[in-house]
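Data block below; observations after.
The values are calculated or read from the model by the stated rules, or taken from the named source; none is laboratory data. Keep in mind that this is a model prediction, so the values were computed, not measured. So basically every Cβ, Gly included, is an ideal-geometry build from the backbone, and we count neighbours across all protein chains shown.
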Ligand SMILES: Cc1cc2nc3c(=O)[nH]c(=O)nc-3n(C[C@H](O)[C@H](O)[C@H](O)COP(=O)(O)OP(=O)(O)OC[C@H]3O[C@@H](n4cnc5c(N)ncnc54)[C@H](O)[C@@H]3O)c2cc1C
Ligand code: FES
């Protein structure tokens, strides 16, 4: 970890961080060699905010471009550590299209110090990015099979890259069902992407916890959609992301339909610091969520969820 980048004394989001390249920094030789070096997992790369667009009242999507111009590839389900200068660092999933490697897209719910700091950023501001980290979703395993995706709220963020991939390569998958639960109709994320998915032949089902007049869709928890969803249970690959209680009950409903445990994948969230398996903050039994996850098979996490019925 570089001391400069983690120092909160001088740096602000509007000023270039130490190590930023280009004429502003005026250190071409050092920068050229820095560009050639492999990225170190504890050293944030400087990125510029190019867009910060609201999704709902408390959720927004950030588009970030690397100052060093290096490619930003990732696997769907992986996350970055985003560092807001003067505030701190948080784990945030990558929500963009995996086939576009010019930068990173993140969708964030403003909860506390760091995520509110991210919400306050405007185009041109700086963010430190470490990553991508972790093991993502098993897209290859889902090819040629039915695919079921269960998402709750901002839990859609790490699943969005999967859905964009499915929409772009629809013929590689059989029946694809997305079940998406949000608190109210106003909390529905990714309107545009849902339309694209429907057009691509994905069965998109949305349910809300609370509603108001005019909502014609389902009302109730997302788990209630699972018993009637159209998929072949023995063959399906299921991906779940959302609050842990929702994930647990979704997995239980899938098991009741006969989906094998090893075909159910759950993305977990734990408090993270290093993100590379050093510090132990994200320990989950004998696993580290940052390096062994965040996506696990139900088989791997079942004992910790402590539910014999799984
Ligand atoms: C692998 C991984 C991927 C993640 N991906 C995303 C993502 O794509 N988008 C996103 O918005 N968030 C994501 N998160 C959660 C995000 O890391 C936390 O919300 C963030 O670190 C909170 O930091 P903060 O400083 O803003 O809030 P803090 O000041 O740390 O916390 C503010 C308040 O929010 C509560 N809180 C903190 N984290 C959570 C949480 N996860 N759920 C509910 N309450 C919480 C705290 O208890 C506290 O009351 C992810 C987490 C992990 C581990
Ligand atoms: S965050 Fe340090 S071990 Fe996972």
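Every residue, every condition in (1) within 16 Å of ligand 1 (Cβ to nearest atom); (2) modelled with pLDDT of 95 or more, yes or no:
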site	(1), (2)
218	no, no
241	yes, yes
257	no, yes
266	yes, yes
269	yes, no
287	yes, no
296	yes, yes
299	no, no
306	no, no
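Select from segment 222-258 the residues that are in contact with a strand residue (DSSP E or B) (Cβ under 8 Å, 6 or more places away or on another chain), crowded, with 17+ Cβ neighbours inside 10 Å and outside any helix (DSSP H, G or I) and list them in ascending order.
229, 231, 236, 237, 238, 239, 240, 241, 242
Taking the stated definitions as given, is residue 292 surrounded by 13 or more Cβ atoms within 10 Å (Cβ to Cβ), at pLDDT below 95 and outside the structural domain of residue 128 (by TED's automatic domain parsing)?
no
Only one of these is free of Cβ contacts under 8 Å to residues at least 40 places away in the same chain, assigned by TED's automatic domain parsing to the domain that holds residue 262 and within 19 Å of residue 243 (Cα to Cα): 208, 202. Name it.
208
The rows are residues; the columns are (1) within 27 Å of residue 66 (Cα to Cα); (2) not assigned by TED's automatic domain parsing to the domain that holds residue 297; (3) not in a strand (DSSP E or B).
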{"residue": "128", "(1), (2), (3)": "yes, yes, no"}
{"residue": "149", "(1), (2), (3)": "no, no, no"}
{"residue": "156", "(1), (2), (3)": "yes, no, yes"}
{"residue": "160", "(1), (2), (3)": "yes, no, yes"}
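Looking at the structure I just gave you, is residue 162 touching a residue at least 40 places away in the same chain (Cβ under 8 Å), under 25 Å from residue 142 (Cα atoms) and under 18 Å from the mean Cα position of the chain (by Cα)?
Against the criterion (touching a residue at least 40 places away in the same chain (Cβ under 8 Å), under 25 Å from residue 142 (Cα atoms) and under 18 Å from the mean Cα position of the chain (by Cα)), residue 162 qualifies.
Output yes when any residue across segment 53-63 is free of Cβ contacts under 8 Å to residues at least 24 places away in the same chain and part of a strand (DSSP E or B), and no when none is.
Scanning segment 53-63, I find at least one residue that is free of Cβ contacts under 8 Å to residues at least 24 places away in the same chain and part of a strand (DSSP E or B), so the answer is yes.
From the list 102, 88, pick out the single residue that is surrounded by fewer than 19 Cβ atoms within 10 Å (Cβ to Cβ), outside the structural domain of residue 275 (by TED's automatic domain parsing) and touching a helix residue (DSSP H, G or I) at 6+ places or on another chain (Cβ under 8 Å).
Unique residue meeting the criteria: 88.
Mind listing whichever residues of segment 165-179 are touching a strand residue (DSSP E or B) at 6+ places or on another chain (Cβ under 8 Å) and either crowded, with 23+ Cβ neighbours inside 10 Å or free of Cβ contacts under 8 Å to residues at least 12 places away in the same chain (or both)?
If the condition is that a residue be touching a strand residue (DSSP E or B) at 6+ places or on another chain (Cβ under 8 Å) and either crowded, with 23+ Cβ neighbours inside 10 Å or free of Cβ contacts under 8 Å to residues at least 12 places away in the same chain (or both), then 166, 176, 178, 179 are the ones that fit.
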